Amino acid sequence: MKGEFENRLKSVIEEVQASPVPIILFIDETHTLIGAGGAAGGEGIWVLADDSGLCVDALNGAPGVRSARYSGTEGVRRDGANNEKLLRAMEDVADAERGAAFFCAIAVVHNGEVLFAVEGSVRGRILREADGVDGFGYDPLFFHAPSRTSFARLSAAEKAEVSHRGMAVGALRVRLAELLGPEATSA
């Protein structure tokens, strides 16, 4: 997840890094605001924290904030185990009731103070079986109707345009431009 987040934020990161103030990228699966606040130790330090999750309507919002740890499995098998658990939980759920949304929150902290947080979300539905091999996490199970395919079949660039992280990064750019001036976030 860290690599994908950094790729999506690459231009923002480069612009902020050009600033004379030091930066820490804190990317973790902990609660975004708590994580960002905890990482902001030094004066003049900027911290970005990202947290994402999948919320499934038929499961009352689960796996939600526990998306990465849904199955309890760690390591390289985690994504597969999480997907298997989700498919089992959704086994008897009708197609019309398989709605879901990915959410992403990004917090910006400076000098230990949360300056702002932005969010992005995207609606879709949970498929009955995996479709596609790209991406990670729940991408093979998440069908995005406007794209007419699963997230796992989208290129990285296509996914960045429509994903929850892409939406959050877009909102981040707007807020940073408001805070630092438009020249700070021009591509």
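The values are calculated or read from the model by the stated rules, or taken from the named source; none is laboratory data. Treat the numbers as computed from the prediction; the structure is a model and nothing was measured. Using ideal geometry, Cβ is built from the backbone for each residue, glycine included, and neighbour counts are taken over all protein chains shown.
Conditions tested, residue by residue: (1) buried (at least 16 other Cβ atoms within 10 Å of the Cβ); (2) modelled with pLDDT of 95 or more; (3) of a type in the set (Ser, Thr, Tyr).
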position	(1), (2), (3)
Val114	yes, no, no
Val122	yes, yes, no
Arg128	no, yes, no
Tyr138	yes, yes, yes
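Which residue pairs have Cβ atoms closer than 9 Å, lie 6 or more positions apart in sequence or on different chains, and pair a first residue in the range 46-69 that is more than 21 Å from Gly80 (Cα to Cα) with a second residue that is of a type in the set (Phe, Trp, Tyr) and outside any strand (DSSP E or B)? Here the result reads Val47/Phe26; Leu48/Phe5; Leu48/Phe26; Ala49/Phe26; Asp50/Phe5; Asp50/Phe26, each pair linking the range 46-69 to a residue that is of a type in the set (Phe, Trp, Tyr) and outside any strand (DSSP E or B). Taking the range 70-95 as the range and being within 24 Å of Arg123 (Cβ to Cβ) and either touching a residue at least 40 places away in the same chain (Cβ under 8 Å) or of a type in the set (Asp, Glu) (or both) as the test, the residues that pass are Asp79, Asn82, Asn83, Glu84, Leu86, Leu87, Glu91, Asp92, Asp95.
Leu179 falls short of the stated requirement of being part of a strand (DSSP E or B) and either at pLDDT below 90 or buried (at least 19 other Cβ atoms within 10 Å of the Cβ) (or both). Annotation note: Cβ proximity below 9 Å between a residue of the range 127-142 that is among the small types (Gly, Ala, Ser) and a residue that is assigned to a loop (DSSP other than H, G, I, E, B) (sequence gap 6+ or interchain) occurs for Gly132/Leu154; Gly135/Leu154; Gly137/Met1.
For the range 100-112, enumerate the residues that are more than 16 Å from the chain's Cα centre (by Cα) and either aromatic (Phe, Trp, Tyr) or exposed (fewer than 15 other Cβ atoms within 10 Å of the Cβ) (or both).
The one that is more than 16 Å from the chain's Cα centre (by Cα) and either aromatic (Phe, Trp, Tyr) or exposed (fewer than 15 other Cβ atoms within 10 Å of the Cβ) (or both): Asn111.
Which of the following residues is surrounded by 15 or more Cβ atoms within 10 Å (Cβ to Cβ) and modelled with pLDDT of 80 or more: Asp50, Asp92? After applying the criteria, what remains is Asp50. Taking the range 118-161 as the range and being among the acidic types (Asp, Glu), under 26 Å from Val108 (Cα atoms) and assigned to a helix (DSSP H, G or I) as the test, the residues that pass are Glu158, Glu161.
Counting the residues of the range 146-162 that are closer than 18 Å to Ala130 by Cβ and buried (at least 16 other Cβ atoms within 10 Å of the Cβ) gives 7.
I need the full set of residues from the range 63-85 which are in a loop (DSSP other than H, G, I, E, B) and surrounded by fewer than 17 Cβ atoms within 10 Å (Cβ to Cβ), in order please.
Arg66, Gly72, Thr73, Glu74
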